[in-house]
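A.B. asks: Before I ask anything, here is the structure I am working with.
Each value in this text was obtained by applying a stated rule to the coordinates, not by laboratory testing. Remember, predicted model here, so these are calculated numbers, not experimental data. Every residue, glycine as well, gets a Cβ built from its backbone with ideal geometry; the counts of neighbours run over all protein chains shown.
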Amino acid sequence: MSSSSVLVQSNSELVEAVDECLLVLGEVVRRAIYQYVERNCQIEREGIPEKLEAFHKCLQGIFGAATNVIERLVAKRLYSKLSLNFEAHENWTLVDYVNYAKKAKGV
């Protein structure tokens, strides 16, 4: 598989991981979060992988200190989808986890 097709696959799996983890909060809350992110941070759901740092900051605006919990859940789900072993790191953000996953997958 080419590195560009691996990247596309991992980007769609990242969006799926975000979807699944936000659904833990309930469908209505997930939709409200996506609406907030789109309106206030100008990030559409499908654009999350390309604007990951901005998405992280937007989540901080919504969840504050609890952002790391949400992001670890997303990272754990993403790593599972990518068949990677997940290891929590205290100061890592979703951006760090995704960058590590890309390196591990050779993207």
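A.B. asks: Let's see if you can work this out: charge +1 on each Lys and Arg Cβ, -1 on each Asp and Glu Cβ, no other charges. What is the dipole magnitude of the chain about its Cα centre, in debye to the nearest 20?
C.D. replies: Details: 13 positive and 14 negative charges, 13 e Å.
About 60 debye.
A.B. asks: Given an 8 Å cut-off on Cα distances and at least 6 residues of separation, report the relative contact order of the chain as a percent.
C.D. replies: 33
A.B. asks: Follow-up question, since we're still on this one. HN-Hα J couplings of segment 86-95 from phi, Karplus 6.51/-1.76/1.60, θ = phi - 60°, integer Hz, Gly and Pro as x?
C.D. replies: With the stated coefficients, segment 86-95 comes to 8, 9, 5, 10, 3, 9, 7, 9, 4, 4 Hz.
A.B. asks: Considering the Cα positions of segment 3-104, please state its Rg to one decimal place and its Dmax as a whole number of Å.
C.D. replies: 12.7, 36
A.B. asks: Shifting gears a bit: Which value at 222 nm does the chain reach when only helices count, each DSSP H run of 4 or more adding -39,500 (n - 2.57), with the total divided by all residues and rounded to the nearest 500 deg cm²/dmol?
C.D. replies: It lands at -22500 deg cm²/dmol.
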